[in-house]
Amino acid sequence: MANDVFTRAAWERGLAQGKLLGVRCGDCGAVSAVPRALCAACRGGNLGWVELSGRGTLAAFTVVHVPPTPLCAAGYGRDNPYAAAVVRLVEGPAITARLVGVDVRRPEGIRVGAPVRAEFLREGDRTVLAFRPEG
Amino acid sequence: MSGKLGRPVCLVGAGMSKFGAFPDKDSRDLFVEAFQDLRGSVDKGLDPGEIEAVYLGNFSSDLFEHQGHLAPILADWVGLTPRAALRLEDACASGGVTLRQAVLAVAAGAYEVVLAAGVERMTALPTEAVTDTLATAGDVLYEFPAGFTFPGFYAAMATAYAARYGMPYEALWEVARKNHLHASRNDKAQFPMTIREIMDRRIAKAREKGGPVPGWKDEREFLRDPGANPPVAWPLRLFDCSPITDGAAAVLVVAEEVARRFTDRPVRVLGTGQASDACLYGREDLTSLRAAREAAAQAYTAAGVKPSRIRLAEVHDCFTIAEVLAIEDLGFFPPGQGWRATVDGATRWDGPLPVNTSGGLKAKGHPVGASGVAQAVELWKQLRGEAGARQVPGDPDVALAHNVGGTGQTCVVHILGRG
């Protein structure tokens, strides 16, 4: 991991191993939940991988009834909607991910601010990041 | 960055094609239609030979029509070669960005007369492919695999906003009802009809067919019916979303010193601003667009006016929630109050601050690369008192256009005034 360049491919290899990787700036301490070679906060290049806890709160979400082509092909659609979310991680940054373990037929019961925890979904030969409400 | 223009710049002509779904028309046909409409709008006539450059806003002719390198083709289609012709892309803000770059080029003295146009031909693709294409305005590495679609992004912002400010989702329908009301007075609109008229039409059609007749008593019942108004990305439903549209728009941008050659009633560009932001996951706050606040601040400073001086605005209502965020980000209403102001009718054409008198993206239609330019076309008409049945009363003299790209990674704001 230490030798990986800060790319999406390296980040996805982390997902495949059940790890949510981010990067932390060695200069200003800012954390990003996606890899990047330059710190967006201080513009420094002193970044290193960190394994994030995968715990956070639901910042925003949606239940998608009209999916893009890859998810249509996976069987999602009007009769089988899925949820997606923006999650604010306890380490500070946010990340977009699938939202599982919620009743997509009763989205009014899903609460912004709810604590969630990361899960790793196998979809074909890819691993997709998801979160599930805790408790 | 003072935002001041190097020299004063005016609009002296404005036109647009009919917006809608036109299976037989390619983007060049839509562009020619807008160009001809613009020619008719120039009071003292336009010799196209006076146009020195063509700036074109277009999001994705590559994916929508499998056509790249669009600008020279369009220049040729109206006989403007060998003039410089170039395309600018910032997703749904392509049109506003194009207008801004034309204004800056004229202000810098590079040209005196520039055609700023926008075009998008979207309806040739099936809905899923349009969904894929629009999603490329977000982050295809981290947002698309998470399952986000464009309606999904704004739906998520709606949940964050509702959670913070206690907005009931049905309040968003007031944006749609208002913008359809405005569009019912705009014959260029894709849906020149109120939601009530759409409902009545469906009832009439059901009667004609002899099938079961829906029992909707009013627009609210119609909008509550998931059959008539199905969810697209909860909490947003069909009538919360702008449609898929074919259309083009164009304005003629000139140095003020030559404006009188074209008209004695030019519209002046008082201020322009543009800003950028991270994708949705890179933001601290999902209930406001930082790029919109920043672009607006630049434009207000350049124009030397405060939000209270604006008499009407065209804002980027790609989804109903987007209009609520816009009227707060622009400083018209305090954070959390935009939805109430809308419910109270403050933004109707006859209210204290008319918003989207054209029908907005919601009902006029949203051919993405054209939308920012079409906003300027509407303000041109309103500021010259030529908006017909939807003319804002009281002789408006200062107006604002707000055009967003993606989920707010780009925002461009223009303030226009009567010359």
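List of remarks:
- Residue check, B:G166 of a type outside the set (K, R) and closer than 30 Å to B:A71 by Cβ: no
- Scanning segment A:55-67 for residues that are facing chain B (nearest Cβ under 7 Å) and either of a type outside the set (S, T, Y) or over 20 Å from the mean Cα position of the chain (by Cα) (or both) returns A:A59, A:A60, A:F61, A:V63, A:V64, A:H65, A:V66, A:P67.
- Hey, B:A21 surrounded by 22 or more Cβ atoms within 10 Å (Cβ to Cβ) and either touching a residue at least 24 places away in the same chain (Cβ under 8 Å) or closer than 25 Å to B:A91 by Cα (or both) or not: no
- Criterion applied to B:V78, B:V12, B:V114, B:V54 was being under 24 Å from B:P266 (Cβ atoms) and surrounded by fewer than 24 Cβ atoms within 10 Å (Cβ to Cβ), and the one residue passing it is B:V78.
- Options B:V253, B:V213, B:V258: the member that is β-branched (V, I, T), without any contact (Cβ under 8 Å) to a residue 60 or more places away in the chain and away from every other protein chain (no Cβ under 14 Å): B:V213
- Test set (1) farther than 13 Å from A:T96 by Cβ; (2) within 8 Å of chain A (Cβ to nearest Cβ); (3) surrounded by fewer than 24 Cβ atoms within 10 Å (Cβ to Cβ); (4) of a type outside the set (D, E) - B:P168 fails condition number: (2)
- Which listed residue, of B:V377, B:V373, B:V404, B:V368, is among the aliphatic types (A, V, I, L, M) and over 9 Å from the mean Cα position of the chain (by Cα): B:V377
Table: residues versus (1) surrounded by fewer than 16 Cβ atoms within 10 Å (Cβ to Cβ); (2) among the charged types (D, E, K, R); (3) in contact (Cβ under 8 Å) with a residue 60 or more places away in the chain; (4) away from chain B (no Cβ under 12 Å).
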residue: A:A37; (1), (2), (3), (4): yes, no, no, yes
residue: A:C42; (1), (2), (3), (4): yes, no, no, yes
residue: A:P81; (1), (2), (3), (4): no, no, no, no
residue: A:A85; (1), (2), (3), (4): no, no, no, no
residue: A:E91; (1), (2), (3), (4): no, yes, yes, yes
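- Candidates B:G138, B:G147, filtered to the one that is surrounded by 24 or more Cβ atoms within 10 Å (Cβ to Cβ), on the phi > 0 side of the Ramachandran plot and within 14 Å of another protein chain (Cβ to nearest Cβ): B:G147
- The conditions of being in contact (Cβ under 8 Å) with a residue 40 or more places away in the chain, aliphatic (A, V, I, L, M), buried (at least 24 other Cβ atoms within 10 Å of the Cβ) and more than 22 Å from B:G372 (Cα to Cα) are met by B:L286.
- Number of residues in segment A:3-17 that are under 19 Å from A:V86 (Cα atoms) and either over 12 Å from the mean Cα position of the chain (by Cα) or among the aliphatic types (A, V, I, L, M) (or both): the value is 2.
Okay, residues lined up against (1) under 27 Å from B:P145 (Cα atoms); (2) surrounded by fewer than 24 Cβ atoms within 10 Å (Cβ to Cβ); (3) among the hydroxyl-bearing types (S, T, Y):
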site: B:L280; (1), (2), (3): yes, no, no
site: B:A297; (1), (2), (3): no, yes, no
site: B:A303; (1), (2), (3): no, no, no
site: B:R311; (1), (2), (3): no, yes, no
site: B:V315; (1), (2), (3): no, no, no
site: B:D329; (1), (2), (3): no, no, no
site: B:P335; (1), (2), (3): no, yes, no
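- With respect to (1) modelled with pLDDT under 95; (2) in a loop (DSSP other than H, G, I, E, B); (3) not hydrophobic (A, V, I, L, M, F, W, C), the lone exception for A:G113 is condition (1).
- For first residues located in segment B:223-249 and away from chain A (no Cβ under 14 Å), partners that are part of a strand (DSSP E or B) and among the basic types (K, R) and lie 6+ apart or on another chain with Cβ distances below 6 Å form the pairs B:D246/B:R121.
- Only one of the numbered conditions (1) touching an Asp or Glu at 6+ places or on another chain (Cβ under 7 Å); (2) modelled with pLDDT of 95 or more is not met by A:T69, and that is (2).
Table: residues versus (1) more than 10 Å from chain B (Cβ to nearest Cβ); (2) surrounded by 15 or more Cβ atoms within 10 Å (Cβ to Cβ).
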residue	(1), (2)
A:T69	no, no
A:V100	yes, yes
A:R111	no, no
A:A114	yes, yes
A:R126	no, no
A:G135	yes, no
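- Of all residues in segment B:242-276, exactly one satisfies the criterion of being surrounded by fewer than 20 Cβ atoms within 10 Å (Cβ to Cβ) and within 18 Å of B:A292 (Cα to Cα), namely B:S276.
- A single entry from B:A387, B:A374, B:A401, B:A370 fulfils the requirement of being without any contact (Cβ under 8 Å) to a residue 40 or more places away in the chain and small (G, A, S): B:A387.
- Hey, A:A130 surrounded by 23 or more Cβ atoms within 10 Å (Cβ to Cβ) and either within 11 Å of the chain's Cα centre (by Cα) or part of a loop (DSSP other than H, G, I, E, B) (or both) or not: yes
The values are calculated or read from the model by the stated rules, or taken from the named source; none is laboratory data. Predicted model, so just to flag it, every value in this text is computed and none were measured. Note that we place each Cβ from the backbone using ideal geometry, even for glycine, and neighbour counts take in every protein chain shown.
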